[in-house]
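Report on one structure; see the data block that follows.
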Amino acid sequence: MSEITVPAMGESITEGTIFKWHVKEGEAVNQGDVLLELETDKVNLEISAEESGVVEKILRNEGDTVQIGEVIGRLSAGGEAAAAAPSAPAKEEPKAQEKAAPAPAAPSAPAPAEAGDSYLAASPAARKLAREQGIDLEQVNRDPKGRIFQDNVKNHTEAPAPRPSAPAPAAAPAEVSQPGKPAERTRMSRRRATIAKRLVEAQHTAAMLTTFNEVDMTAIMDVRKRRKDAFKEKHEIGLGFMSFFTKAVVGALKKFPHLNAEIDGEDIIVKKYYDIGIAVSAKEGLVVPVVRDADRLGFAEIEKEIASLASKARNNSLALSELQGGTFTITNGGTFGSLMSTPILNAPQVGILGMHKIQLRPVAIDAERSENRPMMYIALSYDHRIVDGSEAVRFLVTVKELLEDPESLLLEG
């Protein structure tokens with residue numbers, strides 16, 4: 001028999017939440033078959049069977065928080081397991097027989113035996129938490145199979161046992177508002193909770209400011225119009241706006257390196273490489289996969305990499321390595337119609353560029369003439385602890401100038 005354990009999942013991740021079991025107790029599996037999906041702070045991971053056999057026992061349920069290395073199930077190896085699986089529940093039967101027969105060495109009455117059952121049915125984490133909080137495991141609600149996990153202990157209250165006085169709230173937990181005004185309560189996913197935590201931490205830690213400018217997108221739109229068909233035919237990918245913005249950001253970062261840095265205690269670490277994070281909206285929340293060495297990539301390579309990462313993000317198949325180590329981030333609220341916003345830093349980075357909706361606006365050409373031009377507001381949020389205001393403003397002006405003269409991106413980017 002082998003144990004199904006939570007694997008090590010990389011930098012800074014110590015626990016996860018069981019999102020979904022893909023197998024049931026007694027089900028035969030082959031080596032490499034997906035057993036369950038684990039949700040972490042950053043990505044969802046699939047845990048596969050290390051050998052063929054039968055799922056003998058599932059120890060932790062969907063929604064449970066589990067630690068690295070924790071045993072969450074057992075797998076009976078080989079063909080013999082098929083016969084063993086149905087007998088798994090019978091392992092608890094001898095205890096019941098021992099309670100019925102007073103012969104065993106334990107001289108105590110049935111009560112201690114029941115307490116022993118509760119102790120054995122509780123996970124180590126649940127027992128530890130119960131001891132720390134002085135909670136009697138006998139009073140804690142169990143799952144349908146009579147087991148007690150850490151979440152059961154966390155959700156336990158010392159209220160008196162009888163519940164008839166408030167049946168309505170128990171029957172309808174979705175009602176959390178005033179009487180007659182419906183509301184629905186749902187628990188945050190692990191990733192959404194992590195996003196919330198990191199955004200608040202960024203605002204509390206960094207001295208964050210935002211500066212704005214606007215870009216005349218006429219030249220870029222003209223290039224795309226003239227070159228898009230030939231570009232797609234040659235590279236099998238469309239020529240989007242993100243490659244232009246990525247190249248412009250790289251050019252500006254080379255000119256203002258403190259925006260490609262991070263703070264470590266009282267030290268400033270300036271990165272000499274350009275790994276640009278591209279914010280992508282996925283079902284479970286915003287993720288920021290990283291385009292590595294963007295300064296060394298051509299427009300087509302950048303477009304292909306962004307398309308690949310965005311597809312993985314929406315399919316929940318990003319690897320942790322694809323989310324770690326970015327030096328600067330670009331986010332595009334314009335895809336949702338945002339005209340202007342103040343993006344929040346993606347810590348420990350000290351700069352993030354916000355793109356917005358392209359909108360026709362009248363622009364003064366000279367003192368006597370004006371034209372309708374496709375304009376975009378851009379925003380740079382930065383950490384004022386190491387980036388001065390003048391430096392941030394000049395960085396954004398550089399981005400603007402590079403975008404308004406796309407040919408310069410071949411030189412500066």
Discussion item. So residue 20 ticks every box in (1) out of contact with any helix residue (DSSP H, G or I) (no Cβ under 8 Å at 6 or more places or on another chain); (2) part of a loop (DSSP other than H, G, I, E, B); (3) surrounded by fewer than 20 Cβ atoms within 10 Å (Cβ to Cβ); (4) not acidic (Asp, Glu) but one. Which box is left unticked?
Written reply: (2)
Practice prompt. Of the conditions (1) out of contact with any strand residue (DSSP E or B) (no Cβ under 8 Å at 6 or more places or on another chain); (2) farther than 19 Å from residue 208 by Cα, residue 275 clears all except one; give me its number.
Written response: (1)
Item to complete: Only residues in the stretch 133-144 that are in a helix (DSSP H, G or I) count as the first member; pair them with residues that are among the small types (Gly, Ala, Ser) and modelled with pLDDT of 75 or more, Cβ under 9 angstrom, at least 6 apart or cross-chain, and list the lot.
Response: 137/130
Fill in: Subset tally (residues that are under 14 Å from residue 279 (Cβ atoms) and part of a helix (DSSP H, G or I)) for the stretch 313-345
7
Worksheet item: Restricting the search to the stretch 242-264, which residues are surrounded by fewer than 17 Cβ atoms within 10 Å (Cβ to Cβ) and over 17 Å from residue 349 (Cβ atoms)?
Response: 255
Discussion item. Looking only at the stretch 230-272, filter to residues that are acidic (Asp, Glu) and more than 15 Å from residue 352 (Cβ to Cβ); which one of those is farthest from the chain's Cα centre (by Cα)?
Written reply: 233
Fill in: Boolean, residue 346 is out of contact with any Cys (no Cβ under 8 Å at 6 or more places or on another chain), on the phi > 0 side of the Ramachandran plot and buried (at least 16 other Cβ atoms within 10 Å of the Cβ)
no
Worksheet, complete the sentence: Checked the stretch 356-413 for anything of a type in the set (Val, Ile, Thr), in contact with a strand residue (DSSP E or B) (Cβ under 6 Å, 6 or more places away or on another chain) and under 15 Å from residue 216 (Cα atoms); matches are 358, 363, 365, 378
Worksheet item: Could you say whether any residue in the stretch 345-359 is in the same structural domain as residue 247 (by TED's automatic domain parsing) and farther than 25 Å from residue 288 by Cβ?
Response: yes
Worksheet item: Considering the stretch 199-241 alone, what residues qualify as being surrounded by fewer than 16 Cβ atoms within 10 Å (Cβ to Cβ) and basic (Lys, Arg)?
Response: 225, 226, 227, 228, 232, 234
Discussion item. Let me spell it out: the conditions are (1) at pLDDT 95 or above; (2) surrounded by fewer than 16 Cβ atoms within 10 Å (Cβ to Cβ); (3) more than 29 Å from residue 232 (Cβ to Cβ); (4) among the aliphatic types (A, V, I, L, M), and residue 360 meets all of them except one. Which number is the exception?
Written reply: (3)
Worksheet item: Is there any pair with a first residue in the stretch 45-62 that is assigned by TED's automatic domain parsing to the domain that holds residue 35 and of a type in the set (D, E, K, R) and a second that is surrounded by 15 or more Cβ atoms within 10 Å (Cβ to Cβ) and outside any strand (DSSP E or B) whose Cβ atoms are under 6 Å apart and which are 6 or more apart or on different chains, and what are they?
Response: 56/85; 56/88; 57/88
Worksheet item: How many of the residues making up the stretch 1-15 are farther than 14 Å from residue 73 by Cβ and not in a loop (DSSP other than H, G, I, E, B)?
Response: 1
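The values are calculated or read from the model by the stated rules, or taken from the named source; none is laboratory data. Being a predicted model, the structure only gives us computed values, none of them experimental. Every residue, glycine among them, receives a Cβ derived from its backbone with ideal geometry; neighbour counts consider all protein chains shown.
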